[in-house]
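Remarks on the structure that follows.
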Amino acid sequence: MNNAVIVLNAGSSSLKFSIYQVDAEELSLVARGQVEGLGTSPRFKAKDRSGTTLADADVTGTSPPQRFGHQEAFAHLVTWTRDQYKGTMTPAAVGHRVAHGGLDFIEPTIIDGAVVERLEKLIALVPLHQPHNLAAVKAVTCLRADLPQVACFDTAFHRGRAQVTERFGLPDDMFQRGLRRWGFHGLSYASIVDELKRTAPGLAMARLIVAHLGSGASMCAIRGGRSVDTTMSFSALDGLPMGTRCGSLDAGVVLFLLQLGRTREEIETLLYKKSGLLGISGVSNDVRALLASRDPLAAAAIDFFVYRAKREIASLTAALGGLDALIFTAGVGENSAVIRSRICKDLAWLGIVLDPAANERGHGCISHAGQTPSVWVVPSDEERVIACGTVSALRAAGKLPGCAEAATGASGA
Ligand code: ADP
């Protein structure tokens, strides 16, 4: 019988998962997938590590779809794992992506009732992410209270930055109460640093900008493997424009919308769900659809995204005092040669020049050999960081005997 760590990344309408087999020496990915359409039309999808589809099915079953939530999704996953692996794989632990760890939670943390209570206090800071992360924790507790659970935090990688990078220009008591530039996507940044430590150790300690460009997007300046500054701040709205989120916005705009009589809920929906690429274009939040569209507003949305990305690269270079490498990751960063090329096009003054053929291939180094700063495409693997963090935390507490010591990244290094 093999032990498995299940990694969960819970959103409002989906439960993404990865299953890792835990051997004495290493963690190996067995399957990944998601239950999407929670509360509407739930569908279970799973692929093996080579990308072959293992499952793609409607899972409404006998219960009404609106009652199919995180708990039902986790129950389905456990049953599927048992059936798929014919009882050869037994869940030994669950690792969770948790958006916010606040000031206290930096290391991967074994979850108990007191931890959940403290994490619930942070819901107000990330209302669209933290409640769903914690709903998945409660779903597991309800169904399998015997399974140890560990939380790994997106804010953790950014803790320990110089205070000057964490402040807003607000009174100090507000800073002390948590109105600070926390930063997110930390598990992705930790996974890039881990990968570089394995494949290009010299670069891992150098001055890096990692551009995490997905449907959520941010950039992080990294030196010595640690976050120096980042574009997302108090909430997951700040910095780059995203698929449906606005990016940096003058706070005066929110005051003006309030003055116009917009409610808090309307403003939240506008800023999180109807802005960014979708808001500007009116066409789509998907970069592929915008690049294919002839609508001038689709072009305007891409122009804005590219322009803001360039500005942030220059700004983060200043924060680092120079740049050794620019690294693209996440859905857009890993897959769109056009966007990478457009972002880098006017950055030659910084020494950033792409090798067009390497950029088209889109793997590893995509600048000319020997050039500094070098430019790279490195896939992020947040789930592995969570799996490693989960095993590390449980082994340290003697709760997962016989399992591998984890890699470094999940500690938020
Ligand atoms: P998240 O994990 O934040 O949901 P991803 O990192 O998976 O997002 O990125 C999803 C986005 O990546 C899609 O919305 C799409 O815009 C973009 N994307 C995926 N593949 C491509 C591609 N080949 N070209 C351009 N954009 C792509």
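Observations on the model:
- Test: residue in region 275-285 that is within 30 Å of Val338 (Cα to Cα) and out of contact with any helix residue (DSSP H, G or I) (no Cβ under 9 Å at 6 or more places or on another chain): yes
- Tally, over region 228-276, of residues that are polar (S, T, N, Q) and over 25 Å from the mean Cα position of the chain (by Cα): 2
- Of the residues contained in region 288-298, one or more are found to be within 21 Å of the chain's Cα centre (by Cα), within 13 Å of the ligand (Cβ to nearest atom) and farther than 28 Å from Thr165 by Cα.
- Applying the set (1) of a type outside the set (D, E, K, R); (2) buried (at least 20 other Cβ atoms within 10 Å of the Cβ); (3) more than 16 Å from the ligand (Cβ to nearest atom) to Ala200 leaves exactly one unmet item: (2).
- Residue count, region 204-213 (criterion: away from the ligand (no atom under 16 Å from the Cβ), aliphatic (A, V, I, L, M) and crowded, with 19+ Cβ neighbours inside 10 Å): 4
- Residue within region 268-278 that is closer than 24 Å to His100 by Cβ and not in a helix (DSSP H, G or I) present: yes
- For region 65-97, filtered to residues that are in contact with a Leu (Cβ under 8 Å, 6 or more places away or on another chain) and closer than 14 Å to Asn3 by Cα, the residue that is surrounded by the most Cβ atoms within 10 Å (Cβ to Cβ) is Gly95.
- Scanning region 301-311 for residues that are in contact with a helix residue (DSSP H, G or I) (Cβ under 7 Å, 6 or more places away or on another chain) and away from the ligand (no atom under 16 Å from the Cβ) returns a single hit, Lys310.
- Only listed residue being in the same structural domain as Leu354 (by TED's automatic domain parsing) and part of a helix (DSSP H, G or I), chosen from Arg308, Arg294: Arg308
- Output for region 312-350, where each listed residue is within 11 Å of the ligand (Cβ to nearest atom) and free of Cβ contacts under 8 Å to residues at least 40 places away in the same chain: Asn335, Ala337, Arg340
- Selection count where residues are touching a Gly at 6+ places or on another chain (Cβ under 9 Å), assigned to a loop (DSSP other than H, G, I, E, B) and of a type in the set (Phe, Trp, Tyr), scope region 149-198: 2
The values are calculated or read from the model by the stated rules, or taken from the named source; none is laboratory data. What you are looking at is a predicted structure, and each value in this text was computed from that prediction instead of being measured. Here the Cβ is made from the backbone with ideal geometry for all residues, glycine too, and neighbour counts use every protein chain on show.
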